[in-house]
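Each remark here refers to the structure printed beneath this line.
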Ligand code: NDP
């Protein structure tokens, strides 16, 4: 039987990156399309996954044999703080429908997407796959975090009761083409790219919130896409895998802003607003498990990936999510 791989949330940052990799890597290669495979990249307009009937309809239509489950209500800090119940309920509904309908349709494998921000607030660093449930998440995103953590619980329960091959991935901060570049409600990289673009266009100062000192791990969406494809094809265990660059590849917010200034070609006034909160200084995650399993992986150098993303944004400004 040929394989049909359904990617839920297939029109978002990560879904579009998987589509790009599948369409550009050589057919039959480790990350490329395999003979006989059909890939479906579903958006919410094809079915609202909060609704069981629409979820079933989607599965009836495509009859997937494999699922990469990315669809989620995603948002920045402000939105997470303001709509905690919505983040909790929508994500619980989406995940429950996708996993249960996958079970009903005897899907051979489901890889669902968690996030490093579901880890406990007070935890010993570096983060690793065993620490997801070892304390409450940060109160700012507890709705999103609890809903996502439950996927890991559900995966174990589906495996134990029905023998399902369901697992999960835990990416760190993702960036790349097709991100959400909204100025108010976006992650740090797309938000700063848009801000810097406007500063150049309007000849105004480029002001970065905070000291620029905090360190973060960022993964380029095209690299993450390959890791999802690897996990779908080559990893058969219920326990999650952190998909991230190494702890030694953290970059500071200042390094991010410097690279954006360079890529945008901004030559105006550039400063840090140190009166604004920095957030946590570091929250490193270990990619030891990933590297041991995959047997080596070449991550795209940060500056190169950032430059590519900025160029994509400048070229696609009129159609980008802003
Ligand atoms: P995006 O916001 O870019 O995309 C979200 C996707 O989910 C879109 O395709 C959207 O469809 C779909 N979706 C949202 N609600 C529904 C719904 N009710 N029914 C069906 N589809 C829905 O998200 P990302 O690509 O950034 O995130 C993908 C996954 O990665 C998520 O699970 C997220 O939690 C996780 N993640 C993201 C990180 C990041 O830095 N971005 C970091 C770590 C994890 P439509 O386009 O039609 O609205």
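What follows draws every value from the coordinates through simple rules; no lab data is involved. The structure presented is a predicted model; accordingly, all values stated were derived computationally and were not measured. No Cβ is skipped: glycine too gets one built from the backbone with ideal geometry, and neighbour counts run over all protein chains shown.
Odds and ends about this structure:
- Kirkwood hydrodynamic radius over Cα pairs of the chain, then Stokes diffusion coefficient at 20 °C and 1.002 mPa s, in µm²/s: 106 µm²/s
- Entry for the stretch 101-181 at q = 0.12, 0.19, 0.21 Å⁻¹: log10 I(q)/I(0) = -0.42, -0.90, -1.00, Debye formula applied to identical alpha-carbon scatterers, no solvent contribution.
- GNM top mover of 19, 60, 161 - the chain, alpha-carbon springs below 10 Å: 161
- Remark on the stretch 59-139: hydrodynamic radius 14.6 angstrom, per the Kirkwood mean of 1/r across alpha carbon pairs.
- Based on Cα contacts under 8 Å between residues 6+ apart, the chain shows a relative contact order of 19 percent.
- Using alpha carbons only: equivalent-ellipsoid semi-axes of the stretch 1-125, gyration tensor based, whole Å: 27, 19, 13
- Reciprocal mean inverse distance between Cα atoms of the stretch 108-241 - Kirkwood radius, Å: 17.0 Å
- The chain: angle of helix 302-315 to the longest principal axis, Cα-based, in degrees nearest 10: 90 degrees
- Normalised by residue number, the volume inside the convex hull of the Cα atoms of the stretch 240-322 is 158 Å³ per residue.
- Each peptide in 88-96, 185-193 gets a packing score, the mean of other Cβ atoms within 10 Å over its residues, and the list from highest to lowest is 185-193, 88-96.
- The chain: most fluctuating residue of 14, 264, 241 per GNM, C-alpha cutoff 10 Å: 264
- The C-alpha atoms of the chain define a longest principal axis, and helix 52-62 lies at about 80 degrees to it.
- Antiparallel DSSP beta bridges within the chain, as percent of all bridges there, nearest 5: 10 percent
- Helix-only CD estimate at 222 nm, as mean residue ellipticity for the chain, using -39500 (n - 2.57) per DSSP H run (n ≥ 4): -13000 deg cm²/dmol
- Annotation: peptides 122-128, 273-279, 145-151, ranked by per-residue average of other Cβ atoms within 10 Å with the highest first, follow the order 145-151, 122-128, 273-279.
- DSSP-defined antiparallel bridges as percent of all bridges, the stretch 137-285, nearest 5: 15 percent
- Evaluated at q = 0.19, 0.29, 0.34 Å⁻¹, the base-10 log of the normalised Debye intensity for the stretch 222-265, with identical point scatterers placed on the Cα atoms, takes the values -0.75, -1.02, -1.11.
- Over the stretch 120-166, the ratio between the Cα radius of gyration and 2.2 N^0.38 Å evaluates to 1.31.
- Fluctuation leader among 215, 293, 306 - the chain, Gaussian network, Cα springs under 10 angstrom: 293
- Based on Cα contacts under 8 Å between residues 6+ apart, the stretch 65-123 shows a relative contact order of 57 percent.
- Against the chain, whose longest principal axis is taken from its Cα atoms, helix 221-234 shows a tilt of about 20°.
- Label point at residue 56 placed 7 Å out along Cα→Cβ; residues across the stretch 94-136 whose backbone nitrogen lies under 12 Å: 101, 104-105
- Binning the alpha carbon pair distances of the stretch 169-258 at 5 angstrom intervals from zero yields the distribution 3, 12, 19, 20, 18, 12, 7, 5, 2, 1, 0, expressed in whole percent.
- Working from Cα pairs under 8 Å separated by at least six residues, relative contact order for the stretch 201-322 is 42 percent.
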